[in-house]
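What follows draws every value from the coordinates through simple rules; no lab data is involved. Quick caveat, the model's predicted, so the values are computed rather than measured. Note: ideal-geometry Cβ built from the backbone for every residue, glycine included; neighbour counts use all protein chains shown.
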Amino acid sequence: MNGLPHDYGVVDGARGTVSAEKNGAPYQYKVAAGDRLNEIAHRFGYLNGDAIEKLNVKSTKYGTYIYVGQLLYLQNPK
């Protein structure tokens, strides 16, 4: 993978919309109803353990939450 994020396509739990940069690399993901963080991570090639950091998701002491309509900014996978 050339260092750019890649969208591997819609999977169960990751049906949101993706905005792409001019070079075609996805840079933003809009969370849809029913989306799950681990499936969003899988869609973009991130390991589950890296999903919170790579998708710029905020965590609290009570857990990690995503909500419908939230914009997640994608970072380059390692």
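Along the chain, the longest continuous region that contains none of the chymotrypsin sites (Phe, Trp or Tyr not before Pro) in a DSSP loop with at most 14 other C-beta atoms within 10 Å is 9-61. Total lysine pairs in the chain at Cα distances under 21 Å, for residues eight or more apart or on different chains: 6. Whole-percent P(r), the chain, all Cα pairs, 10 Å bins from 0: 20, 58, 20, 2.
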